[in-house]
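First the structure, in the form of C-alpha cells, and then the observations on it.
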Ligand code: AP5
C-alpha cells in the first residue's frame, strides 16, 4: 500500500492521514512534520527550512527530495506508507516516480482532497496542534475537552507559525501556482488510480469515503 494524499493547505490531509494510519496500519510520512521537527530542534535542515516554512513558501525541491528519499529508505517504510504533503511540485512528482521505479515499485493510489476556500481558511484560522504528540484540534470544529490542552497527553496546544493570515494567503497561492499541476500530472499518468474526494464534510464523513477507496485496494 503506497499512497499519496494531495490537497490544499488546511483541507484535512493530516487529520485523514492519522485516521488512515490508525485504521490500515500505514506509515504516515508528512514532509511538513519532518520540517517542523527539524525547525524546533534547530538542526541544519531546520535552519535551512525555517524561513520558507514560516512564511508559507515551498522549501526547495532538492531539500525535500533528499529528506523524502531518506525517510522512504528506512526499514519501516518497506511496504505500507502514505505521503502527506509530498509531492508538491511536478518536479517532485517526477522524482518520486523515478525513486519508486528504482525500487521496482509504483503508487497504489493518489487521493486528492479538496474543499471550499472559505472552509479551508476557517479550518486554518482555528487549528491548534499538540506540542508533544502532534494531535490536531480546532477551537470550534474539533475542540479539546480542556481548553488549550491535549486530550491525549495533556500538553499545551500551539498555533502554527504559518497559520498567520499572511502566510495562509501565500500558501493558498502557492498551492494554485505549483501544486494544483501535480493533480494534472497524475491525471495524465494514472487516471484510474487518482481519486477526487470532497473534503467539505465532517472528518468522519470524509474519512469513510477515503476508507472505502483504500479498503478496496
Ligand atoms: P504541511 O505541513 O504539509 O502543510 P499544508 O499542506 O499547508 O497542510 P496543513 O498541515 O496546513 O493542513 P492539512 O491539510 O494537513 O489540514 P489539517 O488536517 O491539519 O506543509 C507546511 C509547510 O512545509 C509548507 O508550506 C512548506 O513550506 C513546507 N513543505 C512541506 N512539504 C513540502 C514539500 N513537499 N515541498 C516543499 N515544501 C514543503 O486540518 C486543518 C484544521 O482543520 C485542523 O484544525 C483540523 O482539526 C480541522 N479539520 C480537518 N478536517 C476537517 C473537517 N473535515 N471538518 C472540519 N474541520 C476539519
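The values are calculated or read from the model by the stated rules, or taken from the named source; none is laboratory data. These numbers were taken from a predicted model, which means no experiment stands behind them. No Cβ is skipped: glycine too gets one built from the backbone with ideal geometry, and neighbour counts run over all protein chains shown.
Annotations
- Boolean, residue 119 is surrounded by fewer than 20 Cβ atoms within 10 Å (Cβ to Cβ), touching a strand residue (DSSP E or B) at 6+ places or on another chain (Cβ under 6 Å) and at pLDDT below 95: no
- Some residue of segment 34-55 being closer than 22 Å to residue 174 by Cβ, assigned to a loop (DSSP other than H, G, I, E, B) and at pLDDT below 95: no
- Enumerated helices (runs of 4 or more DSSP H) restricted to segment 128-217, each holding at least 1 residues that are touching a helix residue (DSSP H, G or I) at 6+ places or on another chain (Cβ under 6 Å) and closer than 24 Å to residue 20 by Cβ: 180-190, 203-215
- Single residue of 100, 107, 83 found to be more than 11 Å from the ligand (Cβ to nearest atom), closer than 18 Å to residue 27 by Cα, in contact with a helix residue (DSSP H, G or I) (Cβ under 9 Å, 6 or more places away or on another chain) and outside any loop (DSSP other than H, G, I, E, B): 100
- Tally of residues being part of a strand (DSSP E or B) and either near the ligand (Cβ under 7 Å from one of its atoms) or surrounded by 22 or more Cβ atoms within 10 Å (Cβ to Cβ) (or both) across segment 1-28: 4
- Test: residue in segment 55-65 that is closer than 22 Å to residue 177 by Cβ and more than 10 Å from the ligand (Cβ to nearest atom): yes
- Filter pass, residue 31 being at pLDDT 95 or above, near the ligand (Cβ under 9 Å from one of its atoms), over 25 Å from residue 122 (Cα atoms) and surrounded by 18 or more Cβ atoms within 10 Å (Cβ to Cβ): no
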